[in-house]
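Chemist: Can you keep this structure in mind? I'll have questions shortly.
The values are calculated or read from the model by the stated rules, or taken from the named source; none is laboratory data. Model, not experiment: these values are computed from the prediction. Using ideal geometry, Cβ is built from the backbone for each residue, glycine included, and neighbour counts are taken over all protein chains shown. Calculation scope for accessible area: heavy atoms of the full protein, side chains included, ligands and nucleic acids excluded. Shrake-Rupley method; radii C 1.70, N 1.55, O 1.52, S 1.80 Å.
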Amino acid sequence: MAPSENDIAIVGFAQLPPERRTNLTESDLVLRSTREVIAQVGIDKSEIGFTVSGSCDYLSGQGFSFVQNTDAYGMVPAINESHVEMDGAWAMYEAYVRLLQGDIDIAMAVGVGKNSNSDPSTLFTVEFDPYYLTPLGTDTWTLAALQARALIDSGKATERDFAEVVARNRSNAKSNPFAQVKGDFSIDELLAADYVRNPLRRHDLPPTTDQAAAVILARGKRAYDLCERPAWITGIDHRIEAHLPTVRKDITTSVSTRLAAEAAGVGKGPIDVAELHAPFSFQELILRDSLGLDASTEVNPSGGALAAHSVMTVGLIRVGEAANQIIKNGKNRTLAHTTSGPCLQQNLVCVLEGDQ
Amino acid sequence: MADTVQEFVFNLTFPFSRTLGSTLSTFSSAIAQGQIIGVRTGGRVIAPPLEYDPDTAADSGTDWVCVGPKGTVSTWTWVPEPTNLHPLDHAFGFAFITLDGADTPMIHIVDAGSESAMSAGMRVEAKFKAPADCDGRIDDIIAFIPASDPSPSEGAGEPFDAPAENEITEMDAFSDLRYVDNASPTTIMWAKALMEGRIIGQKCPQCARTIVGPRGMCSVCAIELDESHVVEVPGRGVISNFTIVTPTPYPGQTETEPFARCSILLDDADAVIAQQEILDVPVSEIRVGIHVEVVWAPENERSAVDIDNRSRGSGGDIIVGWRTTGEPDEPADRYLDRMM
Ligand SMILES: [Zn+2]
């Protein structure tokens, strides 16, 4: 495909090794990931027209950490910079939109999360409805488990299906040098574990991870200067559902994922590889169904979010992994998905294509 | 000499008083009286009520409906080990409970005794706190318990007559989050030097700027700096900027009188250290250009407990503050082109 000046591609992706507990700060992580991706595409940082990060002060417990993180960009002379209090995948979306304005050619998006400072079983209660949910200590695990139980009771899946998702992702992760949780596990072994929140066991929950990742995007023909086979973003969309899961008509499906997939044009052709951000094992089953993926699509060859789950970084890594399938692995059409909020409340779907 | 700290535990604690708005005020004022309500909007009864119809985003209005106190579980989970944020200290369930008279479920606690008692379709009923203890919150319902009589709730689905003015319009919400951060190599380096009575920075090999306190990077060149780039700088410098803070009372504020916080550009440094206290200049006479020198705490009183990853350039309890040297003020052009 001959790109028009309105075509935007991912041309570089770098991620740091995931760690259960790093002794570096978020700004240290940002520096290392951005330096690596800048070196990878072979540009000077002054060529970057827009830089945007995704992170959350609540994770590390440091107010204005996102401001301190900008030290890692080298801000003298001043640069054009932005931040989203969301996963780096949404930072990538902002960089994409910024490039569409047509006055700059290169943008960088970063995701960083030092998750190990806080306890995920309690921290995320402050994220939910402050009147109806937070006073009860309603936590992320509980909300996911309520969705999982509904999925089982609907007859669409079983606990064994959940365990199969876990076993497959952990097995896939063995060939991913950036996986934190990997290995061969038998389904029966997994099913013998105790529940953390019935019907979810520890392995159905995401790991806790400290990590950063960065991508570089380029516009039009400039992409070929930075990358031999750019991963063109041919569709991208983000949809949100009501914040209270109880007012959705059916939590065993994801309407927002389906709408985002339609708008991003997922069904216009076969998807070779899909990188799905399913923090909880069973959510991969809901996502496959809502995205309309069939058996011809390889899902999460990286091991997905069950292999490493740095909140604020994990979604951008899905984008990077899906892009690398085109840049490095010769695939033609891939999909990246990111979620946010309780029970798959928000979903971003991105379709990437290589030159044929 | 005390060791530097490797881990910092801190609690992010802050009280909120949330205003409720008309919909939530109506809900709160009703539940404080033992009545759970929903709102009829878009052809269904949403309970607890939302201010908007999730299907259309239209104002959900004031067609209040009495719901419960009994209801039916549609999905559930079980918490075998409650956290400090959960209202019960023994194992319990969470569930979607569709109250009689409502079309959407509410999330609440089911105190069912055991996991095996939980199932979709089970009938439960609300167990309220004593009326005197109810203050209009969702947790005025201690929990739902298995219903002794599965028959429909009396009065459910009937209109609720809201008072002209709601008694409850605010809700206290207390946030208490616990963090355990670990000292980065750069923080440990800075704290160790301070304990020894030394102020250090890192000199960038690319731009030759000296950054105090060390950041582990040059924030102009965006390159990593490590121990090999450490330089010692003198404990003398010039006030390059300041602000005068007039304290307003808030939880945790101990100051009562106006005080100054100054940025100081140390000799041989290219980055200021911020938020410093000047010991011997009245607030009204603080100005840019004053020469100052460091005042260390006595060695046996130094502690690095406050030197964490957030305190870049801060001396914690090790630097007591700064005092004037008596030299004539420095002209302002000396501190142009420096870093925050
Ligand atoms: Zn430099």
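Chemist: Running a GNM on chain A with Cα contacts under 10 Å, which residue among A:LEU16, A:LEU259, A:LEU123 ends up with the highest mean-square fluctuation?
Modeler: Sorting by GNM fluctuation, first place goes to A:LEU123.
Chemist: Please arrange B:GLU196, A:GLU262, A:GLU228 by accessible surface area, largest first, computed with a 1.4 Å probe and ligands excluded. Walk me through the intermediate numbers first.
Modeler: Details: B:GLU196 95, A:GLU262 115, A:GLU228 175 Å².
Sorted descending by solvent-accessible area, the residues read A:GLU228, A:GLU262, B:GLU196.
Chemist: Identify which of A:TYR132, A:TYR195, A:TYR93 has the largest mean-square fluctuation in a Gaussian network model of chain A, with springs joining Cα atoms closer than 10 Å.
Modeler: Its mean-square fluctuation being the largest, the pick is A:TYR132.
Chemist: Further question on the same structure: Could you report the buried accessible area between B and A, both sides summed, computed with a 1.4 Å probe and given in Å² to the nearest 100? Don't skip to the answer; put the middle values down first.
Modeler: Numbers: alone 18630 and 14350 Å², together 27850 Å².
Buried surface at the B/A interface: approximately 5100 Å².
Chemist: Taking only Cα atoms of the range B:21-168, what ratio of Rg to Rh do you get with Rh as the Kirkwood inverse-distance radius?
Modeler: On the way: Rg = 15.2 Å, Rh = 15.6 Å.
Result for the range B:21-168 is an Rg/Rh of 0.97.
Chemist: For the protein assembly as shown, what does the helix formula give at 222 nm: sum of -39500 (n - 2.57) over DSSP H segments with n ≥ 4, over the residue count, nearest 500 deg cm²/dmol? Each step should come with its number before you reach the end.
Modeler: On the way: 14 runs with 134 residues, N = 696.
So the helix-based figure for the protein assembly as shown works out to -5500 deg cm²/dmol.
Chemist: Taking the dipole about the Cα centre of the range B:184-335, with the C-beta of Lys and Arg at +1 and of Asp and Glu at -1, give me whichever of B:THR254, B:TRP322, B:SER219 is farthest to the positive side.
Modeler: B:SER219
Chemist: Also: Counting only DSSP beta bridges with both residues in the range B:184-335, what percent are antiparallel, rounded to the nearest 5?
Modeler: Numbers: 26 of 27 bridges.
Around 95 percent antiparallel, to the nearest 5.
Chemist: Comparing the chain by itself with all protein chains present, which residues of the range B:52-76 are at least 50 Å² less accessible (probe 1.4 Å)?
Modeler: B:THR75, B:TRP76
Chemist: Quick one: how many Å² of A:ASP225 are accessible to a 1.4 Å probe, rounded to 10?
Modeler: Surface accessible to solvent at A:ASP225 totals approximately 110 Å².
Chemist: Right, here's the next one. Taking the Cα centre as origin and putting +1 on Lys and Arg beta-carbons and -1 on Asp and Glu beta-carbons, what dipole magnitude results for the range B:191-340, to the nearest 20 debye?
Modeler: Details: 14 positive and 24 negative charges, 71 e Å.
So the dipole magnitude of the range B:191-340 works out to roughly 340 debye.
Chemist: Rank B:THR169, A:THR246 by accessible area, highest first, at a 1.4 Å probe radius?
Modeler: Largest accessible area first, the residues go B:THR169, A:THR246.
Chemist: Same structure, new question: Order B:LYS203, B:LYS129, most accessible first, counting only protein heavy atoms with a 1.4 angstrom probe. Don't skip to the end; give the middle numbers.
Modeler: Values: B:LYS203 90, B:LYS129 65 Å².
Result of the area sort, largest leading: B:LYS203, B:LYS129.
Chemist: I'd like the orientation of helix B:185-195 relative to chain B: the angle between its Cα long axis and the longest Cα principal axis, in ° from 0 to 90, rounded to 10.
Modeler: 60 degrees
Chemist: Hey, got the dipole for chain B? About the Cα centre, +1 on K and R Cβ, -1 on D and E Cβ, debye to the nearest 20?
Modeler: For this selection, approximately 600 debye.
Chemist: Let me ask something additional. Please report Rg over Rh for the protein assembly as shown, where both radii come from the alpha carbon positions and Rh follows the Kirkwood definition.
Modeler: On the way: Rg = 28.1 Å, Rh = 27.8 Å.
Using only Cα positions, Rg/Rh for the protein assembly as shown is 1.01.
Chemist: Using the Kirkwood formula over every pair of different C-alpha atoms, what hydrodynamic radius in Å results for the range B:184-335? Working shown, then result.
Modeler: Working: mean 1/r = 0.0618 Å⁻¹.
One decimal place: 16.2 Å for the Kirkwood radius.
Chemist: Further question on the same structure: When chain A is treated as a GNM, springs tying every alpha-carbon pair under 10 Å, which of A:ASN324, A:ASN80, A:ASN172 comes out with the largest mean-square fluctuation?
Modeler: A:ASN80
Chemist: What Kirkwood Rh does the range B:108-242 have if only Cα atoms enter the pairwise 1/r average? Answer in Å.
Modeler: Numbers: mean 1/r = 0.0450 Å⁻¹.
When all Cα pairs of the range B:108-242 are included, the Kirkwood radius is 22.2 Å.
Chemist: While we're looking at this one, here's another question. How about the range B:79-183: which GluC sites (Glu not before Pro) there lie in a loop by DSSP and see at most 13 other Cβ atoms within 10 Å?
Modeler: On the way: sites: B:GLU115, B:GLU125, B:GLU154, B:GLU165, B:GLU167, B:GLU170; in loops: B:GLU154, B:GLU165, B:GLU167.
Qualifying residues, ordered by number: B:GLU154, B:GLU165, B:GLU167.
Chemist: Please check which bits of the range B:186-214 a label hung off B:GLU232 would reach, taking the label as a point 7 Å along Cα-to-C-beta and the cut-off as backbone N under 20 Å.
Modeler: Backbone N within reach: B:186-204, B:210-214.
Chemist: Separate question: If you keep only loop residues by DSSP, which chymotrypsin sites (Phe, Trp or Tyr not before Pro) in the range B:25-72 have at most 12 other Cβ atoms within 10 Å of their Cβ?
Modeler: Here no chymotrypsin sites (Phe, Trp or Tyr not before Pro) fit, given the DSSP loop and packing criteria.
Chemist: So if I place +1 on the C-beta of Lys and Arg and -1 on the C-beta of Asp and Glu, and nothing else carries charge, what would the dipole magnitude of the range A:104-244 be about its Cα centre? I want it in debye, nearest 20.
Modeler: Numbers: 16 positive and 19 negative charges, 95 e Å.
Value, rounded to 20: 460 debye.
Chemist: Under 25 °C and 0.890 mPa s, how fast does chain A diffuse according to Stokes-Einstein, given a Kirkwood radius computed over C-alpha pairs? Answer in µm²/s, whole number. Before the final figure, lay out the partial values.
Modeler: On the way: Rh = 20.2 Å.
So the translational diffusion coefficient is about 121 µm²/s.
Chemist: Place +1 on the Cβ of every Lys and Arg and -1 on the Cβ of every Asp and Glu in the protein assembly as shown, take the dipole about the Cα centre, and give the residue among B:ILE138, A:ALA95, B:VAL124 whose Cα lies farthest towards its positive end.
Modeler: After comparing all options, I get A:ALA95.
Chemist: If I ignore ligands, DNA and RNA and count only protein heavy atoms, how much of B:LEU50 is accessible to a 1.4 Å probe, in Å² to the nearest 10?
Modeler: Approximately 10 Å² of B:LEU50 is accessible to the 1.4 Å probe.
Chemist: Using a 1.4 Å probe, how large is the accessible area of A:LYS328, given in Å² and rounded to the nearest 10?
Modeler: Here the accessible area works out near 140 Å².
Chemist: Here is a follow-up. Using the Karplus curve 6.51 cos²θ - 1.76 cosθ + 1.60 with θ = phi - 60°, work out ³J(HN,Hα) for each residue of the range A:180-195 in order, rounded to whole Hz, and write x for Gly and Pro.
Modeler: Going residue by residue, I get 9, 10, 7, x, 9, 10, 7, 4, 5, 4, 5, 6, 7, 6, 6, 6 Hz, with x marking Gly and Pro.
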